[in-house]
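Heads up: the structure comes next, in structure tokens.
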Amino acid sequence: MTVENISIGWLQHALIWLDSWPAGLKLNTELSRFYSATFIHLLGLWGHVLHQVLVYLPAILYAIGVSSCIGVSMGTSLFSDLLFLFTAHIYLCYIISVTVYHHQLQTLASLWNLFRGRRYNLLRNRVDIWDYDLDQLLFGTILFTLVAFLFPTVLAYYALFALMRFGIVLLYASLETLLAFVNHFPLFALVLRAKDPRRLPGGIFLLDTSRSGMSSLMVKVCQFGVFIHRPQQPTFALSEPTDNSPSDFCSIRPNVVTSMVPL
């Protein structure tokens, strides 16, 4: 199974299948045949362009593999761009089908207002009652009937390409999620935690190292780990001077520090 069969062949078979009234779905024959022939011809042109590009596919895949040495995010981004290149024809067919579908919905809405004797007021942004002539009502009713009967065919082809586009968007979302995970994954911190945990401090606390009447404090750095809230021997922390103490005085108050168990 070649890349052309994966990206173009199955889509052409799907168009032929939809044109042959699948599961009893009776579409408008002429419009369905026009849709099918137009999209198949468009896919044939894209297949000719893709055939010229596939000559360089091994070199492109090799370049993506080499760029992955720079980082996984680089390889993922290039693979996402390559996916867009191989699915550009589906996006183009989706744009064509959704444009026709959107304009037909607008036409149906306008003709439905005419059929009810109403008109959309652009200045006031509302639907007002309007008196139409008899020939306008007759012509609008005929057009509404024609568009209403052609609408299921347009809807069927729009649904086909909308489902394909939805699947591609899901694949893009998966790649973007993977890219965000790779960019925010703390790989350096985890490797450093396994290699040298002392380089990842989890906080500091002060120890009283007073000896022979000499007051002194020692700053101790805690290792990165999981806190276990268990009261230990009290240590001492610096407190702010009070109003009654001299300006160069700093008191020492006891403080209970929880122990830490390294990961």
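Each reported figure results from applying straightforward, stated rules to the coordinates on display, with no laboratory input. Just so it is clear, the model here is predicted, and its values are computed rather than measured. Note that each Cβ is placed from the backbone with ideal geometry, even for glycine, and that neighbours are counted across all protein chains shown.
The stretch between GLN52 and ILE95 holds 13.1 nm of extra length on full extension. This uses 0.36 nm per residue minus the Cα-Cα distance. Using a cut-off of under 18 Å, list every residue of the range 83-116 whose amide N is near the label point 7 Å from the Cα of TYR132 along the Cα-to-beta-carbon line. Within reach of a label on TYR132, which here means backbone N under 18 Å from a point 7 Å along Cα→Cβ, the range 83-116 contributes 104-116. The label-point distance for LEU163 and ARG118, in a model that sets each label 7 Å from Cα toward Cβ, rounds to 3.4 nm. Shape class of the range 80-153 from the Cα gyration tensor (axes a ≥ b ≥ c, square roots of the eigenvalues): oblate, since a/c reaches 1.5 or more and a/b does not exceed b/c.
Structural size metrics of the range 52-100, computed from C-alpha coordinates, are Rg and Dmax of 14.1, 45 Å. Cα extents for the range 72-205 along the principal axes, largest to smallest and rounded to whole angstrom: 89, 42, 19. Values of log10 I(q)/I(0) for the range 154-219 across q = 0.17, 0.23, 0.27 Å⁻¹ run -0.82, -0.97, -1.06, by the Debye formula with one identical scatterer at each alpha carbon and no solvent.
In this label model, HIS102 and HIS13 are separated by 3.3 nm, measuring between points 7 Å along each Cα→Cβ vector.
Cα-based values for the range 1-81, radius of gyration first and Dmax second, are 18.2, 54 Å. For the range 91-166, the relative contact order works out to 41 percent when only alpha carbon pairs closer than 8 Å and six or more residues apart are counted.
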